[in-house]
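Below is one structure, written out as structure tokens; comments come after it.
The values are calculated or read from the model by the stated rules, or taken from the named source; none is laboratory data. In this text the structure is predicted, and so the values were computed from the model without any measurement. Counting neighbours? That spans all protein chains shown, and the Cβs are built from the backbone with ideal geometry, glycine included.
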Amino acid sequence: MAAEKYRRRSAIHGADDAVRGDAEASTHDLTDIVRAARQIDPEIGRRWVIMGHSEGGTAAIAAAAGAPHWGPDLQLLGAVAYAPASHIARSLRIMAHGKSASPILPLVAMMIQGIALSDPRIDLTHVLSAAGLRHQPELQQHCAGALMRDIWWNATPTDRYFRHPLAIGPLLADFRKNDPSRQVPQVPLLIVKGSADDLVGPSATADLRAQLCLRGANVALRSIPGGTHDSILQIAQPAVLRRVAARIRGAPAHSSCGDVP
């Protein structure tokens, strides 16, 4: 579960890493996985490619920016981000005043709890309503899919989860600091999105690509017609594997930054 994973990550990396943020901790985690694998099996090579989906896609973008510096002993060739979550601060502002239910409320709630566990400036009693605080333990007891089907989480207008007036400044700052649009990937990045994704909207992904392009990244965007948040993993697999194989062969990586999204 996201909140507990954030707690474990902060414990592993220490207080300084927690304050620096989830993006940097994700970079360290992914790079250190490769180092650990090489210690177990020295025949594993130094060249590697990052692939992640949803929250993992966000982590892949962070590592594409930071891993070449954190892991100079390795050779990162590229990264693939399927439906990466982005612009969470924007979503949070909308949800704090939303009068309708949202399927992503449990996901945002897990992110809020995770950041609050690592940032002592954030007091959830100043962020969440009494009802929101009552339902907080469920984030540690159930996975996101189960909560997204739960009657309370699935039917409650999102503004009822938050306290009003809302002390949200530090929380927004943390979300902005860790947003993938703030990263500068140092290796070619492929972003895969589905046109029917109702969790990570195609427009948000297109905006993410545009912002990464403005930062000088080599980004290719592949849109999957009819692809949902989950189905793109299977549908896009052949194209993604061709892209990864090309990176391993050393072929140039095409950027779509000059293309119309």
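Is it true that some residue in segment 71-84 is outside any loop (DSSP other than H, G, I, E, B) and more than 30 Å from ARG242 (Cβ to Cβ)? First the steps, then the outcome.
Narrowing segment 71-84 to residues outside any loop (DSSP other than H, G, I, E, B): 75-82.
This time we only want the ones that are more than 30 Å from ARG242 (Cβ to Cβ), so: none.
Checked against the condition, which is being outside any loop (DSSP other than H, G, I, E, B) and more than 30 Å from ARG242 (Cβ to Cβ), segment 71-84 yields no hits at all.
Out of the residues in segment 114-138 meeting the condition of being assigned to a loop (DSSP other than H, G, I, E, B) and of a type in the set (Asp, Glu), tell me which one is surrounded by the fewest Cβ atoms within 10 Å (Cβ to Cβ). So that I can check it myself, show each step before the final result.
Going residue by residue through segment 114-138, those that are assigned to a loop (DSSP other than H, G, I, E, B) are 119-123, 127, 129, 135-137.
From what's left, of a type in the set (Asp, Glu): 119, 123.
On the way: ASP119: 16, ASP123: 11.
Among them, the one singled out is ASP123.
Given the residues ASP174, ASP179, which is the only one that is of a type outside the set (Phe, Trp, Tyr), closer than 30 Å to GLY258 by Cα and either in contact with a Gly (Cβ under 7 Å, 6 or more places away or on another chain) or surrounded by 15 or more Cβ atoms within 10 Å (Cβ to Cβ) (or both)? Lay out the reasoning, then the answer.
On the way: ASP174 fails: closer than 30 Å to GLY258 by Cα.
That would be ASP179, the only listed residue that is of a type outside the set (Phe, Trp, Tyr), closer than 30 Å to GLY258 by Cα and either in contact with a Gly (Cβ under 7 Å, 6 or more places away or on another chain) or surrounded by 15 or more Cβ atoms within 10 Å (Cβ to Cβ) (or both).
Just the residues that are farther than 15 Å from PRO188 by Cα and part of a strand (DSSP E or B), please, taken from segment 219-261.
SER223, ILE224
Residue by residue, here is whether (1) at pLDDT below 95; (2) hydrophobic (A, V, I, L, M, F, W, C) holds:
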| position | (1), (2) |
| --- | --- |
| LEU107 | yes, yes |
| ARG121 | yes, no |
| HIS135 | no, no |
| CYS143 | yes, yes |
| ARG160 | no, no |
| ALA167 | yes, yes |
| LEU172 | yes, yes |
| ARG176 | yes, no |
| PRO188 | no, no |
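For segment 219-234, which residues satisfy the criterion of being without any contact (Cβ under 8 Å) to a residue 40 or more places away in the chain and either surrounded by 13 or more Cβ atoms within 10 Å (Cβ to Cβ) or in the same structural domain as VAL108 (by TED's automatic domain parsing) (or both)? I'd like the intermediate steps shown before the answer.
Within segment 219-234, the subset without any contact (Cβ under 8 Å) to a residue 40 or more places away in the chain is 219-220, 222-228, 230-231, 234.
VAL219, ALA220, ARG222, SER223, ILE224, GLY227, THR228, ASP230, SER231, listed by residue number.
Need at least 2 residues that are under 27 Å from GLN237 (Cβ atoms) and in the same structural domain as LEU105 (by TED's automatic domain parsing) per element, so show me which helices (runs of 4 or more DSSP H) inside segment 139-218 make the cut, counting only ones lying wholly within it.
Working: elements: 144-149, 151-155, 169-178, 202-214.
Qualifying helices (runs of 4 or more DSSP H): 144-149.
Of these, ALA109, ALA85, which one is out of contact with any Ser or Thr (no Cβ under 9 Å at 6 or more places or on another chain) and surrounded by 21 or more Cβ atoms within 10 Å (Cβ to Cβ)?
Every option except ALA109 fails the conditions.
Quick check: is even one residue across segment 151-161 of a type in the set (Val, Ile, Thr) and without any contact (Cβ under 8 Å) to a residue 12 or more places away in the chain? Don't jump to the end; show me each part of the working.
Step one: filter segment 151-161 for residues of a type in the set (Val, Ile, Thr), giving 151, 156, 158.
Then drop every residue that is not without any contact (Cβ under 8 Å) to a residue 12 or more places away in the chain, which leaves 151.
Checking segment 151-161: at least one residue is of a type in the set (Val, Ile, Thr) and without any contact (Cβ under 8 Å) to a residue 12 or more places away in the chain.
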